[in-house]
1. Given a Förster distance of 30 angstrom, what is the FRET efficiency for Asn220 paired with Thr241, based on the Cβ-Cβ distance and rounded to 0.05?
2. What does DSSP give for the chain in terms of the percent of beta bridges that are antiparallel, rounded to the nearest 5?
3. Residue separation times 0.36 nm, minus the C-alpha to C-alpha distance between Arg2 and Ser294: what's the value?
4. Along the Cα→Cβ direction, 7 angstrom out, place labels at Ser394 and Asn234. What is the inter-label distance in nm?
5. Restricting to Cα pairs below 8 Å that are 6+ residues apart, what does the relative contact order work out to for the chain? Please round to a whole percent.
6. Which of the aspartates and glutamates could a cross-linker bridge to Lys236, judged by Cα under 16 Å and excluding same-chain residues fewer than eight apart?
7. Percent relative contact order of the range 2-106, based on C-alpha pairs within less than 8 angstrom and at least six residues apart?
8. What is the ratio of the Cα radius of gyration of the range 372-518 to 2.2 N^0.38 Å, with N the residue count, to two decimals?
Amino acid sequence: MRFILGNNEVIQPSGMADLTMEKIRDKKLFGFIRKEMAYVKDIGEVGFYQQQAIDILQNAYDSKGIDAELDFAVEDDEGNTLFSSEIDFSNFREDGRNFFANFRDKNGVIEFDSQRTVNVALNQTSSIFIPSQRIFTGISHQFEDASRIVELSKNGVFLDASHTFPLKVKVKDSIGKGTGLSITDPYKQEPIWLNTAGETKIVRVGAKLDCNIRIDSFANVVATPVLRVFDQGNTKIIERTLAPLPIVTNTVMSKSFNIDETVSVPILGYIQLVLNVSYSSTSGSYYKFEYLTSSFLSIEEDVQIQGSDCRCIPVYDAFSQIVNTISQGKLELSSSHLQKSGWILTSGLNLRGESAVINTSFDQLFEDIQKLECLKAAIDGNKLIIEPYGKMLSSIGMQISNESLINKMPFTDLLYNEIKAGCSNWKSDTPSGNEEVNAIATYTTGIKKIKQSCDLVLKNISTSSRLIEVTRRMQYNQETSNAKTDTKNDNTLFLIDSDSKSAIVGPYGLNELASPYEILKKWSYVLANNLSLSFSTQEGNTNIVPGSDLIQLKEGAFTNRMVIIEAPEHASTYINTEDVISFVEGDSLQRVLVTEMSYRWGGDNKLIIHGYILNDNFKFIDSDYNYSRKVRGIL
């Protein structure tokens, strides 16, 4: 064998016979990043004792310190490379006779891995048009101390307790151009909202009206909220009778009236909200409705504003800039998947019409893109490769010796009793948040004996359709229409699905490919051992379940076993093994996704592999990714 330090052949260092090489799959990126780590078990380093080698090492360190780059390689007699790495100058020692050192990855790997969490300022490389989305904007009402009690008492005289909720308008006007109205006399059943917009409006009425109630001498009392819509000629065109509440008489009861209704109101039409009180006795002589100030009511109007252009950067370009920057130009991005993808990255300040630098790190961006698209990242030579996780699971890989010692165990790493998917940053502090379908959804699985939650929730970057639209509209508000005005979402990062020229708007708004259901579809072959997914809860728009209540998972990539293999192998097997290895068991060929691998030089030449046994029937289907950018909606 030949030992080469830099460009010089040197004598074999001490400790090489016990050198252990190791590569471990990165737990965050799902791929192998550092593959050329090596150490001497129980000693920790190899020792260069040849003076020529010591001089080369000392000169390199004295010249560039810990950043010095000095290669070390081992070749067999045929010239095949058995080991190739770089001296780790951040951890060495000298005793006057020896230079002891370990090894580290080269070609930009160390630079990349140490700078993954560092923010990089990205310059936008393109612009897309964002069409307008209809969202709800609100007028709000509340109960004020001076008018929140409806009370009447007349001895011996029957009293009708029905009345209009005594609401006072808090926010009278909105960009929807409707007008909120206050109730001046609850017994006249006055309107709470008038359509002054000049067109028919879709209006959502939402309320939680808390009340302490006392009614004396009535019998079989039931209180029922009623929502009515009238046209400008005072003709009633809609009447919605809501959930009735029975009332116990001659005592004080606390009740809450919950309302969530959407109605169409014609030009100059109006809305009334009445509490209808029914009974079976006409001897009632006293009632009191004390409405609490904790109550609220909002009138949300369907509003559309013109679309606008937004400066941005395609996600492929963003990763390319980041990888080049943090590896000091030693690595370049390779990703056919991201090149075909329509995702673009922007910020709140860019959304509201400005041109601003976008700041993010590799880990911050990849963590959320990975959850969204089920991806892995790995380094091969001078390339940082980002591709779908499933692509690596279809290969056969190198076949190891039949004399290997194989131990199988239960595979529980990917078993969960609960799975969450969606986007955590979706709240816009406006009524439009109630429409968001890309918020967090929770599913339960078919697993009953394990308590472990799978987190597929985007936390660094927002895909919220409504938050994007609310932020974009700020450019039309005089108070927030320039870069000097600071708003809380200016530095928020957003991902937007596009066809490279325009954002794609579907029936439920932007980013329908980021719904919890779409996320879970891409991960279904990874999660298949969880048997099934049943919808549990949903934030945001709770009226729309993001996908079917029960998701049937695809045939999975993994069996229910993991494995540890000890194999007598040549170093070339370790060097040439990437993601998958295989071994013969009986009449079948078993494939294993390698999670970690080590190889020890010396007499035993032992290769140790940890991994997950793969399903022979699994085939990755790249068409599951919507490269055509067709709008599929919420399925």
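1. Numbers: r = 18 Å, r/R0 = 0.58.
Result of the calculation: an efficiency of 0.95.
2. Values: 160 of 174 bridges.
If I count the DSSP bridges inside the chain, around 90 percent turn out antiparallel.
3. Working: separation 292, 0.36 × 292 = 105.12 nm, distance 8.10 nm.
So the extension gain works out to 97.0 nm.
4. Going from the Ser394 label point to the Asn234 one covers 7.2 nm.
5. Numbers: 1564 pairs, mean separation 93.0, N = 635.
Reported as a whole number, the value is 15 percent.
6. Here the aspartates and glutamates satisfying the reach criterion relative to Lys236 are Glu190.
7. Details: 187 pairs, mean separation 30.3, N = 105.
Relative contact order, the range 2-106: 29 percent.
8. Working: Rg = 21.2 Å, N = 147, 2.2 N^0.38 = 14.7 Å.
Relative to the 2.2 N^0.38 Å estimate, the range 372-518 comes out at 1.45.
The values are calculated or read from the model by the stated rules, or taken from the named source; none is laboratory data. Values in this document were obtained by computation on a predicted structure and should not be read as measured data. Glycine gets a Cβ as well: all are built from the backbone with ideal geometry, and neighbour counts include every protein chain shown. Each accessible area value is taken on the protein alone, full model and side chains, heavy atoms only, with ligands, DNA and RNA left out. Shrake-Rupley method; radii C 1.70, N 1.55, O 1.52, S 1.80 Å.
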